[in-house]
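These notes are about the structure you will find just below.
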Amino acid sequence: MTVPELFRPRSGLRRRDSDMPGLMRPLEEMQRLMEDVWMAPLEALGLWGGDFVPRVDIKEEDDSVVVAAELPGMDQKDIDVTVTRDSLRIAGQKNHEEKEEERGYYRHETFCGSFERIIDLPTEVDEDKAEAEFSRGVLKIRLPKNEAAKAGQRKIKIKNV
């Protein structure tokens, strides 16, 4: 998050950071406090604006690459997965709605946001044989390595110049 243009000092009024080493300008300090108190818990739950970023684990096995993405509160229909031989794209729309009614009390909150993660894979995969399953908020994708990647390494002949 950046300081709005309105609050940035104009040239000539700008203070160099070296003028007060170790101290933040008051507006930046206030912004940091607001983020710590209000935004951090919402971001941890994946509920702040469009900044939802799912946690992803990538594991390379002998014959495949396995990717697990945490997508709590999402439906399978809201997730889009595409793969190329060297990258994986996971995208989606997260919508969360809470309603609470009690005697003399009513609360209705809606959170929504989209995300996109593009992951460079550690090896080339055979995109035609990729499989994905979604259960209990976890997306698991198995990407079989292509034959060249399974072969591992190859010797390169060095030319005498």
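Restricting to the range 132-154, give me the number of residues that are at pLDDT 85 or above and either basic (Lys, Arg) or under 21 Å from the mean Cα position of the chain (by Cα) (or both).
Selection size over the range 132-154: 13.
What tally of residues in the range 62-91 results from selecting those that are surrounded by 12 or more Cβ atoms within 10 Å (Cβ to Cβ) and either on the phi > 0 side of the Ramachandran plot or charged (D, E, K, R) (or both)?
Residues meeting the conditions: 7.
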Fill in: Positions within the range 83-104 being among the basic types (Lys, Arg) and farther than 30 Å from Val65 by Cα, in sequence order
Lys99, Arg103
Worksheet item: So which residues in the range 59-118 are more than 22 Å from Asn146 (Cα to Cα) and touching a Pro at 6+ places or on another chain (Cβ under 7 Å), if there are any at all?
Response: Ala69, Glu70, Leu71, Phe115, Arg117
Worksheet item: Do the conditions hold for Glu97, that is, is it touching a Cys at 6+ places or on another chain (Cβ under 9 Å) and either modelled with pLDDT of 60 or more or assigned by TED's automatic domain parsing to the domain that holds Leu139 (or both)?
Response: yes
Practice prompt. State the number of residues belonging to the range 73-88 that are in contact (Cβ under 8 Å) with a residue 24 or more places away in the chain, over 13 Å from Lys140 (Cα atoms) and not aliphatic (A, V, I, L, M).
Written response: 5
Worksheet item: Lys140: part of a strand (DSSP E or B), touching a Phe, Trp or Tyr at 6+ places or on another chain (Cβ under 9 Å), basic (Lys, Arg) and loosely packed, with under 14 Cβ neighbours inside 10 Å, yes or no?
Response: no
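The values are calculated or read from the model by the stated rules, or taken from the named source; none is laboratory data. Small disclaimer: the values here were computed from a predicted structure and weren't measured. Backbone-built Cβ (ideal geometry, glycine too); neighbour counts: all protein chains shown.
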